[in-house]
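The values are calculated or read from the model by the stated rules, or taken from the named source; none is laboratory data. Remember, it's a predicted structure, so these values are computed and weren't measured experimentally. Positions of Cβ are generated from backbone atoms using ideal geometry, with glycine treated the same way; all protein chains shown enter the neighbour counts. Side chains are part of the model used for accessible areas, which takes the heavy atoms of the whole protein and leaves out ligands, DNA and RNA. Shrake-Rupley method; radii C 1.70, N 1.55, O 1.52, S 1.80 Å.
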Amino acid sequence: MYYKVCIALNYNFELKKMVLIDGKETSNQIKEEIAVEVTQIVASGNKAPHLAAVLVGEDGASQTYVNAKVKACEKVGFESTLVQMSSTTSETELLTKIDELNNSDVDGYIVQLPLPKHIDEHKVLLAIDPIKDVDGFHPENVGRMALGLPTYLPATPYGILMMLERYNIETEGKSCVVMGRSHIVGSPMSILMSRNTNPGNSTVTMVHSRTKNLKEITTQADILIVGIGKPEFVTADMVKEGATVIDVGIHRLPSELTRSGFKLFGDVKFDEVSEKCHAISPVPGGVGPMTIASLLKNTLIAAQRRE
Ligand code: GUN
């Protein structure tokens, strides 16, 4: 009996200690900081930063993301341009538009991915002027990031670094496991967490779909960053007690629990994992809003380079 009470107390204590990494709140703080800088830029007689977003096709999720990016621009006082192109746009037409943007007065722009299958993504990314590549996807900027030279950090990993920093999550000397090896998240994330910076200086292991002893590796992680694109894949038994868990996944799935008939899920089974870890980012309201805040930060840097 006495033993059970102790466990319950300990359990409650652990629950109280769990830190919810609130990406929405943090991104709002960052947006407020950016808005102050924009006011100063404009007050000193300069043009407000200008972000353009190119969307090819009618993919619903991409439309939602791009609209959110444009709306965020308004909130901080940026100018924004949405370039909407049909799904039948040819590669040549898109490259012509990119050439136009390279020579326009926009400070930075993004081409929303994925692109329709008939367009070569690498050719498109290579055509973006690295100075205006606020997604940090141009090979020159990827190389600069890997070498630790000044550049635009890709939005999702940059957002995660800011979350870790603002929530004082210690990363130096810690074991960080990155799940997923995409060019947008896993690959740059693993490089950034191993760099000699703060956040960073972690001992990084990257796991992916061909990794055999997955659980053995993930249960060693002090920091677990999950971007594998599988709803609720990470369960409590895959997580070390007291770990920090960052969930990059976002899946809109049918659900009887909501009026819309849909609910958003991450790559992590939040309810059971949150009981075990020190800190966790939720879905929605975690990494997603931070990605937008990072893009705004990169656009601000692009505008400051122009001044
Ligand atoms: N598709 C998913 N994430 C991203 C992103 O960060 N940038 C762009 N351009 N496309 C994406």
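I need the Kirkwood Rh of the stretch 126-237: take the reciprocal of the average 1/r across all distinct C-alpha pairs and report it in angstrom. Present the calculation step by step, with values, prior to reporting the outcome.
On the way: mean 1/r = 0.0684 Å⁻¹.
So the Kirkwood estimate lands at 14.6 Å.
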query = Of the listed peptides 22-35, 82-95, 157-170, what is their order by residue-averaged count of other C-beta atoms within 10 Å, with the highest listed first?
reply = 157-170, 22-35, 82-95
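If you take every DSSP beta bridge fully contained in the chain, what fraction is antiparallel? Give it as a percent rounded to 5.
Expressed as a percentage, antiparallel bridges in the chain total about 10.
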query = Which value, to two decimals, describes the C-alpha radius of gyration of the stretch 150-307 once divided by 2.2 N^0.38 Å?
reply = 1.05
ask   = At a 1.4 Å probe radius, carbon and sulfur cover how many percent of the accessible area of the stretch 23-69?
value = 52 percent
query = Out of every Cα-Cα pair in the chain, what percent are more than 24 Å apart?
reply = 56 percent
inquiry  = Which one, Val142, Gly159, Thr92, projects farthest toward the positive side of the charge dipole computed for the chain from Cβ point charges (K/R +1, D/E -1)?
reply    = Gly159
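Could you work out how much longer the chain between Glu216 and Glu241 gets when fully extended? Use 0.36 nm per residue separation minus the Cα distance between them, nm to one decimal.
Details: separation 25, 0.36 × 25 = 9.00 nm, distance 1.37 nm.
Length gained between Glu216 and Glu241: 7.6 nm.
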query = Hey, what do the phi angles of the stretch 228-234 turn into as Karplus ³J(HN,Hα) couplings, whole Hz, using 6.51/-1.76/1.60 and θ = phi - 60°, x for Gly and Pro?
reply = 10, x, 10, x, 6, 6, 8
query = Once label points are set 7 Å from the Cα along Cα→Cβ at both Glu32 and Ile131, what is their separation, rounded to one decimal in nm?
reply = 3.5 nm
ask   = Tell me, how many Å apart are the Cα centres for the stretch 269-289 and for the stretch 144-170?
value = 19 Å
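List, in the order given, every pair from Lys212/Lys276; Lys31/Lys263; Lys17/Lys263; Lys230/Lys263; Lys31/Lys97 whose Cα-Cα distance in the structure shown is over 19 Å.
Numbers: Lys212/Lys276 24 Å; Lys31/Lys263 27 Å; Lys17/Lys263 27 Å; Lys230/Lys263 15 Å; Lys31/Lys97 29 Å.
Violating the 19 Å Cα-Cα cut-off are Lys212/Lys276; Lys31/Lys263; Lys17/Lys263; Lys31/Lys97.
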request  = Pull up all non-local amide H partners of Val19: gap of 5 or more, or a different chain, and H-to-H distance under 5 Å with H placed in the peptide plane.
outcome  = Ala279, Ile280
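Mean residue ellipticity at 222 nm from the helices of the chain, using -39,500 (n - 2.57) per DSSP H segment of n ≥ 4 over the full residue count, to the nearest 500 deg cm²/dmol? Spell out each step's value before the answer.
Values: 11 runs with 133 residues, N = 307.
After summing the helix terms and dividing by the residues of the chain, the value is -13500 deg cm²/dmol.
Using DSSP, restrict attention to beta bridges with both residues in the stretch 191-298 and report what percent are antiparallel, rounded to the nearest 5. Mind showing how you got there, number by number?
Numbers: 4 of 11 bridges.
Around 35 percent of the beta bridges assigned by DSSP in the stretch 191-298 are antiparallel ones.
Quick check for you: with a 1.4 Å probe and neighbouring chains kept, what is the accessible area per residue of the chain, in Å²? Present the calculation step by step, with values, prior to reporting the outcome.
Numbers: 15520 Å² over 307 residues.
With all protein chains present, the chain gives 51 Å² per residue.
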task = Quick one: what are the phi-derived ³J(HN,Hα) couplings along the stretch 97-108, Karplus 6.51/-1.76/1.60 with θ = phi - 60°, whole Hz, x for glycine and proline?
result = 4, 5, 4, 4, 5, 4, 9, 9, 9, 5, 7, x
inquiry  = For Glu121, project a label point 7 Å along Cα to C-beta. Then give me every residue of the stretch 224-253 with its amide nitrogen under 19 Å of that point.
reply    = 226-231, 248-252
